[in-house]
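The values are calculated or read from the model by the stated rules, or taken from the named source; none is laboratory data. Here the structure is a predicted model, which means the values were calculated and not measured. In this analysis, Cβ positions are derived from the backbone assuming ideal geometry, glycine residues included, and neighbour counts consider all displayed protein chains. Note: accessible area is taken over every heavy atom of the protein model, side chains too, but ligands, DNA and RNA are not part of it. Shrake-Rupley method; radii C 1.70, N 1.55, O 1.52, S 1.80 Å.
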Amino acid sequence: MLLADAYERAQRDEAACEWVRRICLRQGNAVSLLADVSVQREVDVVFLDPMYPEKSKKALAKKDMRLFQQLLGHGGDDEASLLDAAREAAKYRVVVKRPIKGACLAGEKPSFSIKGRSTRFDVYTNRKIG
């Protein structure tokens, strides 16, 4: 709901209008939605931000994140299906947000990674951009 609200407000912002028109916001099961998109192959990049795997630490996550985890789980159930669907849908790249020391999505090694202090972005390439 927060993303839909931000998307709607960005559409009304003249400065953001040009790039907002190129974004399509869809809700539903990602694997199913990506299967619909993969037929056209009109998506250049797919960005995935799946739930992080459950931590082995004893400290609890923040209250709002614990609620998300209760509702959505910790990920890992169908990671391979999600990554396969994204790679099939994306023309050039799939970018996956992961914890800095976490395992790769579905155990599949990325083409390269971009590392920050607490987060890593794994990039899977389908073909050269250009």
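Matching residues to (1) in a helix (DSSP H, G or I); (2) aliphatic (A, V, I, L, M); (3) at pLDDT 95 or above; (4) open to solvent by 30 Å² or more (accessible area, probe 1.4 Å):
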| site | (1), (2), (3), (4) |
| --- | --- |
| 94 | no, yes, yes, no |
| 101 | no, no, no, yes |
| 106 | yes, yes, no, yes |
| 110 | no, no, yes, no |
| 113 | no, no, yes, yes |
| 124 | no, no, yes, no |
| 128 | no, no, no, yes |
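Specify the residue that is farthest from residue 88 (Cα to Cα); the eligible residues are those in region 10-22 that are open to solvent by less than 80 Å² (accessible area, probe 1.4 Å) and at pLDDT 85 or above.
My answer is 13.
Within region 36-90, restricting attention to residues that are hydroxyl-bearing (Ser, Thr, Tyr) and open to solvent by less than 100 Å² (accessible area, probe 1.4 Å), which residue is modelled with the lowest pLDDT?
The extreme case among them is 38.
Name the residues in region 23-35 that are of a type in the set (Val, Ile, Thr) and at pLDDT 90 or above, would you?
31
Which members of region 104-122 meet the condition of being under 16 Å from residue 84 (Cβ atoms) and either within 15 Å of the chain's Cα centre (by Cα) or polar (S, T, N, Q) (or both)?
Of everything in region 104-122, those that are under 16 Å from residue 84 (Cβ atoms) and either within 15 Å of the chain's Cα centre (by Cα) or polar (S, T, N, Q) (or both) turn out to be 104, 105, 106, 110, 111, 122.
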